[in-house]
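Please read the structure below before turning to the comments.
Computed from the coordinates by the stated procedures, all read-outs in this text should not be read as laboratory data. These numbers come from a predicted model, not from an experiment. Note that each Cβ is placed from the backbone with ideal geometry, even for glycine, and that neighbours are counted across all protein chains shown.
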Amino acid sequence: MAAEPAIRLEGLRKTFGPKTALDGIDLDMPAGAVFGLLGPNGAGKTTAVRIITTLLRPDSGRALVAGADVVREPDRVRRSIGVSGQYAAVDDKLTGFENLYLVAKLYGMRRRTASTTARDLLSRFHLDDAADRLAATYSGGMRRRLDLAGALVAAPPVVVLDEPTTGLDPQSRLDTWDIVGELVREGTTVLLTTQYLEEADQLADRIAVIAEGRVVAEGTSDELKSATGGERIELVTADARDLAAAHRVLAAVSGTPPALDRRARRLEVTVGAGQNGQHALATVAARLTSEGIHVLDLGLRRATLDDVFLALTRRAPDGDTAVLPRITDWPPNSGDLDRKEVRA
Ligand SMILES: Nc1ncnc2c1ncn2[C@@H]1O[C@H](COP(=O)(O)OP(=O)(O)O)[C@@H](O)[C@H]1O
Ligand SMILES: [Mg+2]
């Protein structure tokens, strides 16, 4: 029998007035791994996190944490979950130490244990030097680390991190990544939401891409990459007059018309499903040579998680979300992503 998932979502729906935040989410998140919920701003990530952590009731559907229903058994859920996120629970009028000590006391720890736990966490998050300063004096990165430490006080089996690195400086981001890695090595299940593809790629064992309240893709980062277009052949001709002939060669080998960037003398095409990219590339190279076409550049490119994300979250005119990127849009413009503004 398969192990019980740490978190299970079944047909989860939530609307806010006319706005549908979650439009029927089904997901199983395995225990002991990092699950990445990846989606642009407004996709529904925080709504899902708030439901999972019992802060918000779904309109319909179910969410189970370690088998406990978030609506029917919220206390059981709260006992197994630690949360850190955008609605950060850091008290400015307390020092870093006092913040964590208070959380430990709320969990019913004795004074000595609460104090040791708070000191240990402060040191783990590189906050020892700032332990006795008011949180009001902390930088954004320090506050985020303190908030994350607060989620770990009770050493919960499931930790939920809502965009833990959005707006963080690069060093604090790397520190956070280290901590996530450490948690998983200790056997904790981590649910992490992010708008950053690189972060999901680095940290998550499995990824669900969500857009407009729906899961548009799910799998390991490798599965997602190979599901989206797979490989592409790209070439740049030495002479613009060869573009038409090169276009014919690429079209014949791949079975699809390549995209053309006339100014850059560049052609690209997706290798057909079931085709071996390396073989197709060799065939293209041989035909170009036999037709006397010189290329400045010729290569095989594998889809990145960026490609997957843009392909899946870009809406087609008919409203179908799962649409491949048009090659004329290449390379994808990361400015398409609606990044959260940086909060101090
Ligand atoms: N309390 C609320 N009232 C009204 N609309 C909300 C509320 N919370 C979220 N929404 C809307 O639901 C959608 C999903 O929001 P959210 O879950 O915060 O997305 P994400 O965390 O992925 O950025 C957005 O369109 C947002 O404006
Ligand atoms: Mg959010």
Item to check | Debye-sum result for the chain in log10 I(q)/I(0), which assumes one identical scatterer on each alpha carbon, at q = 0.07, 0.09, 0.10 Å⁻¹ | outcome: -0.39, -0.59, -0.69
Checklist entry - If r is the Cβ-Cβ distance from Ala251 to Thr15 and R0 is 45 Å, what FRET efficiency results, to the nearest 0.05? => result 0.45
Checklist entry - Going by alpha carbons, how many degrees (0 to 90, nearest 10) lie between the helix axis of 111-124 and the longest principal axis of the chain? => result 20 degrees
Checklist outcome for this item: To the nearest 10 degrees, the tilt of helix 96-106 (Cα long axis) against the first principal axis of the alpha carbons of the chain is 70 degrees
Checklist entry - Antiparallel DSSP bridges in the chain: what percent, to the nearest 5? => result 65 percent
Item to check | Most positive-pole-ward Cα, Leu183, Tyr101, Thr165, against dipole of the chain from beta carbon charges | outcome: Tyr101
Next on the checklist: To make sure I understand, if each residue's beta carbon is the centre and we count other beta carbons within 10 Å, what order do Val184, Val153 fall in, fewest to most?
Outcome noted: Val184, Val153
Item to check | 0 to 90° range, to nearest 10: angle between helix 243-254 axis and the chain longest Cα axis | outcome: 60 degrees
Checklist outcome for this item: Which residues qualify? For Arg133, with a placed amide H closer than 5 Å and at least 5 residues away or on another chain, they are Gly96, Phe97
Checklist outcome for this item: Checking region 182-281 for trypsin sites (Lys or Arg not before Pro) in a loop per DSSP with at most 15 other beta-carbon atoms within 10 Å yields Arg262, Arg263
Checklist entry - What stretch of the chain, leaving out the sites themselves, is the longest with no chymotrypsin sites (Phe, Trp or Tyr not before Pro) in a DSSP loop having at most 16 other Cβ atoms within 10 Å? => result 108-344
Item to check | Vicinal HN-Hα couplings computed from phi for region 209-224 (Karplus, 6.51 cos²θ - 1.76 cosθ + 1.60; Hz; Gly/Pro x) | outcome: 8, 10, 8, 6, x, 10, 7, 9, 6, 8, x, 6, 4, 5, 4, 5
Checklist entry - Any idea what log10 I(q)/I(0) is at q = 0.15, 0.27, 0.28 Å⁻¹ for region 230-302, Debye with uniform C-alpha scatterers and no solvent? => result -0.39, -1.34, -1.44
